[in-house]
Structures are given as structure tokens and as C-alpha cells.
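Worksheet for the structure shown next.
The values are calculated or read from the model by the stated rules, or taken from the named source; none is laboratory data. All values reported here derive from a predicted model rather than from experimental measurement. As a convention, Cβ positions derive from the backbone with ideal geometry for all residues, glycine included, and neighbour counts pool all protein chains shown.
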Amino acid sequence: MVERGSVMGAMAQALADLDSTGLRKLVRGALETGIDPEGIVREGLGEGMRLVGERYELGEYFLAELVMAGVTMNEAMDLIRPVLDRKRRSYVGKVVIGTVEGDLHDIGKNIVVSMLQSAGFEVVDIGVDVSPARFVETVKLEEPEIVCLSTLLSVTLPNVEAVVHALERAGLRGKVKVLVGGRCLNPEMARGIGADAFGVDAWDAVVKAKALLS
Amino acid sequence: MRTRHAYLERCVLGLLEGRAVLTPKDRYITAIEHREPDLVPIDISFLDPIHVERILDRPTFGAGAGGGGGGVVASTSQEETLGLNEMMVRNQRMENEAKRKIGVDALSVSDYNVFPPGYRPRFVSEDTYVDLFARVYRVRRDVKTTWWVDGGIKTPEDLDRWVPPDAEEMDYSIVDLTVEEAGDEYPVVAWVHGSMMFPYLMRGGIDKLVFDIYRQPDFARRLIRKVADVNLEITRRILDRGVDVVAESDDIADCHSLFFNPRVFREFFFPYLKRLIDECHGRGLKFMKHSDGNLYPLLDDFVGLGVDGLHPIEPNVMDLGDVKRRYGERFFLRGNVDCTHILPSGSEADVRRDVRRCVDAAAKGGGFVLADSNSMHSNVRTENIRVMVDEGRRYGKYPIGRG
């Protein structure tokens, strides 16, 4: 019987080294031996992403490695998701997330999606170039606790505010928290457009999302 | 004509004060050869059409801002009739005039603004079009803005089908015009592209190209080579027309660090960068590397590759004084008045203070050109451009003992 801690450590290391084949082999093995999927996500993949972040901060990794860490983690999540879906997950909250209208950038959004999922959130990802009307429709349908709005381009910044206004007009603003993130925003601007919180990066977005629910 | 008069006036005043007065071209070339000219040369990377219109008090042509990285399209039926090349020539003439009027020391041209004769972007919807490098842009004609949104090369087969523009057939009238207008008085800086930026725009994002490099490297290599080859041919034809300085402007970093690991740059991109630098050096031209963001991890590589100058040494990300101390003998530096915060929203005093910061940090001994930290984009206050030039002239007088 392989010790759980060493399996988690090996997974974290494989993810940090961007070794997709090795990671998937470890994840398959762990699931077959009955290790809980939540544990794999939090202790294995979560720790791996923490190591990736650490290497990035130290200047050992660059944007490309962050992207590939996201890809590698998603490939592992493809194995875990069906098992997670079969089990009742410890439900943290539900999030609707999208990149606002006019912006097709989704690197940041996708990392946030992975991080939220690994933190136990149910995430409804409605993609990129999403109109205010579609955000409103999805919020009505899915009834999330939080809406996450992502944007990179300053030219699309007014479209973040447009979503907040659209939620207000639809009478939904009191029922849902708005969390925003993206390169062209800062905390002051986020407050100015009526958001409840600003995530400086994917890790911070998870912290802020949890704080919004507490 | 007034500008010419102002220049002669400066010469006369300088002679009366016992100072040698150089032409803007002499000043610029002296500085980038690491010698002290009479004044710190002042340059503007790219003057957004909105500033050209305000400086000259008449409208430019088309929607979008070509030299700043966007695309330009006709915004009226009259412009549609003119065609892109004629619009670009008219805009270039106005930009040259605006730069001379505001008093900077260089004119510039951009490969963004050369097209084949009769070229028109292919609209795939009312507000979205694909350009000749398969980049997808969106346009808002009401505010004359375009911005990149996607790339048309989704698969290796798309790359096979993509026919690069024929460099020989492109219309280089904007370069001919600018070289002629510059004469012996102004240097012409050619802003060109290599292999490191168009590929990720054509693929639809950096994440897509990253995936290619890690998971399907042969596809990445083919794409990069195809782009490098056509851009080299376009650059050669721009250089043939007699420009003075080459600025390669592929963005390769963000505020934190590089887009790719240095190992990836060395394997996938730097052979083409070296080829481009050698082409410039073979013609006796200085080669400047531009990229926003934190370039520290590549500066030693740039030394090895033969890069002569750096722009913009992004403020709050890199430190101009630090780069001057460590690399000032190897690179001339061009920058770095802050166009993120200070030029758009700073007061006159803020702009003057930032100009003095740059001069203090980097002007001693030459090897420095005062410029914005990316471009004079549309959010910059036009008045602050005038203030930057004015303070540069007041404060940037050699000998400069600081730094």
C-alpha cells in the first residue's frame, strides 16, 4: 500500500514539472486504489499549482509554464471529474464565469475556473465575448452565488460595468455577488464599477470568492 | 514652414549662446552611438491619430491605429474608395507634419501600415475582419478604434492554406514619402516585426502558441518560420528605401516576466532574430529591440545577439537607471516617460518630473533618447505630449552630469 502523502507529493511534483503523462498515471492509480478525488484535487493538484506559482514568482517559470500547468491540470481533471460528479461533493458554492463582450482572452479565466473547481465550487463557464444579456439569462437559470467577470482589454472595460448594470436592471444584483478580475482592472476601479470584489490573480480570486460566501 | 523657422531660430540662438547646434538627425545618431550631442534627442514611438488630429486640427483617415498594433480600415464610403494605401500615405504625411510641429527629433514608419496594392481586409461580419496575416480584428467606427480579438490559423491545415503577403508586391509609399520628407534633417526609424509576435496573434492567443510549442512543436516551427521569412522580406524592402534605425517591435513579455522560457526563445525564435539583426548590421544600421514588460531575463542574450538599443525599459517593471548602469555601454536606451499613468492622467508637474527622472537616470554620456514608454496612445493627454517635449528640451541640455 503506497502511502497517501507520497502519492500526493508525486502528483504535485509531476504537475509542477508539467509532466502530463506521469500525472495522469498517478491520478489513475490513486483513483483505482480508492483515494478520494477531493483529496487528489486539493492535496495533489492544488499543491502542484502552488509549486508552479512559487516557481513563477521565483522567475524559474514564465507565462508559458503557467499556461501549460493549466493544460496539464485540466488533463488530470478530465480523469477526476467523472468520479467527482458521481460522488456528492462538499459544496462550496456556485459560480457563473465569463469573459465580457468584445474580449476573447480566456487564459486567465480558464485558470480561475480550474482553481475554483479544485476549491470545491461548481463552475458554469459561459466562455468568451459574453453579452450582458447572456450573463443575466445564465444567472436567472443557474442561480449562482457569484458571477465572475474577466477582461484583459481596457477597451472592453465599459462592458464589465454594463453587466453589473444589467444585473441591477434585472433585479438580480441583491441575489448575486460580482467578482471581477483582469489585467486592466485594479481594486479601486472594481469598486467604482460596483463589483463586490477584485481578484488580483487566480489564487486571489478563489480567496475572494470564499470570502464573499462567508 | 513654421517648424522650419523654429528650427532655424534654435540654431541662431544656439550659435549666439556659443553652443554647437546639431540637426535632429545628427543629434539622434550621435546619441545612439553613445556620444553626447547638444541636447537629449526626443522621439515618439507612435502618435495615435487622435493626437495628430488635435495637433494639426484636421481629421485623419480611417478607423484604427495602425502603428500602435491595431489594424486600420476605411470608416466611410469615401475612404473605401481611396483604398488603404492612399489612406496610409495621407495619414503618414500628417503624422510626419505633426511630429515636426511638436518638435521631436525623428520621424518613423511602421510595417503595420504597408499593404499590397488594392488590398482590403476581409470582413467576416459587420464589425469583424481578417487581415493579411490571418489576424482577426474588431472595429468600432463610431470611435475610430480597432482591436485584435482572434487568429485565423486554427489548425496545421489552416497554416498550409495561408498565403503570406508577397513582400515584393507591397506598396512602400509611406516609407518613400517619409525618407523624402526627413531629408538630411531627421532620422527615420523603421518599426518592423520579426518572428515572435505575429504567430501568437495568428493562432488566436499566446496560450495557443504555447500549446503548440510544447505539444506540437513542428507546427509551431512551421508557423514561426513562415512569419519570420515574410517579415524579413518586408523589412529588407523597407531598409532598401533608406531608413536610419530599425526597431523590431515584437512584444514578448508582460509586467511580471517573459511570455516564454528563455530556452524556448533560444530554440524557436532567436535564430530568426539573429538573422534580422545581421541584416541590419550588414547595412550599417543600428538595431533596437522593443518589447513591453520585464525583459531582464533576456538582456544578456540580447548582448550576445548584437542588439544595439532597447525600448522602452517599462517603468515600474524595469529600472532605467539600473539598466543604464549595467548595460549602458552595450545598449542605447530609448524611453521611458510613463504612458500608462503619467502621460494619460498626470499633471503638467508630474510629466515634467518624469522627464527629469529619465534624463537623470540615463542621459549622461549619451546613449539615450527620451521617448514615451510604449506609444502616444489615444488615452494620453495631447497637452502632456507637448509638456514632455518642452521639459525634454529645457532639462535635456548637455553636458549632463547626473546619472
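The rows are residues; the columns are (1) within 14 Å of chain A (Cβ to nearest Cβ); (2) touching a residue at least 24 places away in the same chain (Cβ under 8 Å).
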residue: B:V104; (1), (2): no, yes
residue: B:D111; (1), (2): no, yes
residue: B:Y129; (1), (2): no, yes
residue: B:F133; (1), (2): no, yes
residue: B:E157; (1), (2): no, no
residue: B:D184; (1), (2): no, yes
residue: B:P187; (1), (2): no, yes
residue: B:F198; (1), (2): no, yes
residue: B:Q216; (1), (2): yes, yes
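Of B:K208, B:K154, which residue is farther than 30 Å from A:L58 by Cβ and of a type outside the set (S, T, Y)?
B:K154
Inside segment A:114-214, counting only helices (runs of 4 or more DSSP H) that do not spill past its ends, which hold 1 or more residues that are touching a helix residue (DSSP H, G or I) at 6+ places or on another chain (Cβ under 6 Å) and at pLDDT below 90?
Here the list reads A:202-213.
Of the residues B:V163, B:V179, only one is surrounded by fewer than 22 Cβ atoms within 10 Å (Cβ to Cβ) and either hydroxyl-bearing (S, T, Y) or touching a strand residue (DSSP E or B) at 6+ places or on another chain (Cβ under 8 Å) (or both); which?
Just a single option satisfies the conditions, and that option is B:V179.
From the list A:G39, A:G53, A:G46, pick out the single residue that is away from chain B (no Cβ under 11 Å) and surrounded by fewer than 17 Cβ atoms within 10 Å (Cβ to Cβ).
Among A:G39, A:G53, A:G46, only A:G39 is away from chain B (no Cβ under 11 Å) and surrounded by fewer than 17 Cβ atoms within 10 Å (Cβ to Cβ).
Is it fair to say B:D212 is buried (at least 17 other Cβ atoms within 10 Å of the Cβ), of a type in the set (D, E) and outside any strand (DSSP E or B)?
Spelling it out, B:D212 is indeed buried (at least 17 other Cβ atoms within 10 Å of the Cβ), of a type in the set (D, E) and outside any strand (DSSP E or B).
Kindly indicate which of A:E65, A:E75, A:E32, A:E3 is within 14 Å of chain B (Cβ to nearest Cβ) and either touching a strand residue (DSSP E or B) at 6+ places or on another chain (Cβ under 9 Å) or surrounded by fewer than 17 Cβ atoms within 10 Å (Cβ to Cβ) (or both).
Going through A:E65, A:E75, A:E32, A:E3 in turn, just one is within 14 Å of chain B (Cβ to nearest Cβ) and either touching a strand residue (DSSP E or B) at 6+ places or on another chain (Cβ under 9 Å) or surrounded by fewer than 17 Cβ atoms within 10 Å (Cβ to Cβ) (or both): A:E75.
For B:R203, which of the numbered conditions (1) surrounded by fewer than 22 Cβ atoms within 10 Å (Cβ to Cβ); (2) basic (K, R); (3) within 14 Å of chain A (Cβ to nearest Cβ) fails to hold?
With respect to (1) surrounded by fewer than 22 Cβ atoms within 10 Å (Cβ to Cβ); (2) basic (K, R); (3) within 14 Å of chain A (Cβ to nearest Cβ), B:R203 is out only on (1).
Out of the residues in segment B:245-293 that are more than 10 Å from chain A (Cβ to nearest Cβ) and among the acidic types (D, E), state the one that is farthest from A:E57 (Cα to Cα).
B:E279
Which of (1) within 14 Å of another protein chain (Cβ to nearest Cβ); (2) β-branched (V, I, T); (3) over 25 Å from B:F219 (Cα atoms) does B:I174 not meet, given it meets every other one?
Every condition holds for B:I174 apart from (1).
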